[in-house]
1. Counting Lys +1, Arg +1, Asp -1, Glu -1, what net charge surrounds Ile201 among other residues with beta carbon under 11 Å of its beta carbon?
2. Could you estimate the translational diffusion coefficient of the range 76-256 from the Stokes-Einstein equation, with Rh from the Kirkwood formula over C-alpha pairs, at 37 °C and 0.692 mPa s, in whole µm²/s?
3. How big is the dipole moment of the range 108-221 about its Cα centre under a simple scheme where the beta carbon of each Lys and Arg is +1, that of each Asp and Glu is -1, and everything else is neutral? Debye, nearest 20, please.
4. Of Val172, Val240, Asn229, which is farthest along the charge dipole of the range 103-246 in the positive direction, counting Lys and Arg as +1 and Asp and Glu as -1 at C-beta?
5. Within the set Lys178/Lys258; Lys74/Lys260; Lys180/Lys243; Lys169/Lys260; Lys90/Lys243, which residue pairs have Cα atoms separated by over 20 Å?
6. Using only the Cα atoms of the range 115-218, construct the convex hull and provide its projected area averaged over every direction, in square nanometres to one decimal.
7. Which order do the peptides 165-172, 210-217 come out in when sorted by mean C-beta neighbours inside 10 angstrom, highest first?
8. Averaged over every viewing direction, what's the projected area of the C-alpha convex hull for the range 213-278? Give it in nm², one decimal, please.
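Bear in mind that the values in this text are calculations on the coordinates, not laboratory data. Predicted model only: the values in this text are computed from it and were never measured. Cβ atoms come from the backbone with ideal geometry, glycine included; neighbour counts cover every protein chain shown.
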Amino acid sequence: MSEQELRTEYCKKHNIHHLFELLATKVLVERPENPFAYLRDLLQSVEESEAKKASYDPTTIHFKADETEQGKPKLKKLTIGTFGVDNAGKTTLLSAMGGEVDPKCTPTVGFSPTAFQTEEYDICIFDLGGAANFRGIWVHYYHDCLGIIFVIDSAAEEAKLQESLEVLKETVQSDYIKGKPLLIFCNKKDLPNSRGCEEVISEEFLASVLEADTPHKILPTCGLEEDPNIDTGVEWLLEVVGKDYDRLAERVKSDTQKVKEEKERKRAERLAALEAEA
């Protein structure tokens with residue numbers, strides 16, 4: 001393996017580029033008096049948070065057809081993707097979903113999954129970092145999702161709100177996302193400068209970016225308190241996905257095969273290029 005390949009592998013294993021992007025973004029936003037002390041504390045917090053995460057490689061194919069074990073059907077896999085730009089409050093909301101209201105949530109460096117089970121489903125709701133330079137990796141997760149949660153900061157400045165809407169548009173119009181059930185949380189409703197849902201994102205806007213008949217729901221939320229809207233939204237999403245599970249699961253299976261074939265095609269192209277250079 002070449003030095004460049006070793007470096008790439010190391011960066012991928014430890015999320016190095018995402019880590020440094022997070023640190024730089026937080027310093028510029030917070031502008032602490034002593035950036036060195038601030039970074040020491042932030043690194044410790046990030047390290048503790050990362051230690052709790054399950055490993056997940058976004059380039060790995062995850063979906064498999066239902067299998068049986070000892071004559072009993074396995075729980076159906078149900079994967080939900082959580083997206084949104086940085087500082088929207090995705091990680092805080094996911095903590096609240098798990099029953100842990102944490103006002104000091106550490107921003108996501110890469111990928112953070114929340115897993116739980118019901119009588120029928122093995123559910124994974126994952127959280128992806130929303131910084132601009134990280135969003136390019138989102139596409140590697142789209143094929144795995146049966147439903148989508150998109151979080152918008154309802155108290156953000158106008159430029160940031162418009163960025164969120166543009167990212168939402170790009171996300172829902174992806175070939176692997178379009179038409180899938182969509183839950184939108186207009187977060188930070190507790191702040192005095194927060195906007196109402198209709199002001200944040202209108203039905204006219206959604207009609208212009210979503211495929212016809214795409215199931216969707218918009219709710220105002222606050223991840224810093226026990227907000228019943230969070231549970232209401234998640235229950236709605238799981239119910240909608242459950243009603244259409246067979247079709248959505250078949251689509252995920254088909255899309256997974258496409259992703260696998262595309263990976264193999266690119267791998268073959270790289271090998272051919274290396275052989276040509278030899």
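1. -2
2. The Stokes-Einstein estimate is 202 µm²/s.
3. Around 200 debye, computed over the range 108-221.
4. Val172
5. In this structure, Lys74/Lys260; Lys169/Lys260; Lys90/Lys243 lie more than 20 Å apart at Cα.
6. That works out to 7.6 nm².
7. 165-172, 210-217
8. Average projection, Cα convex hull of the range 213-278: 8.1 nm².
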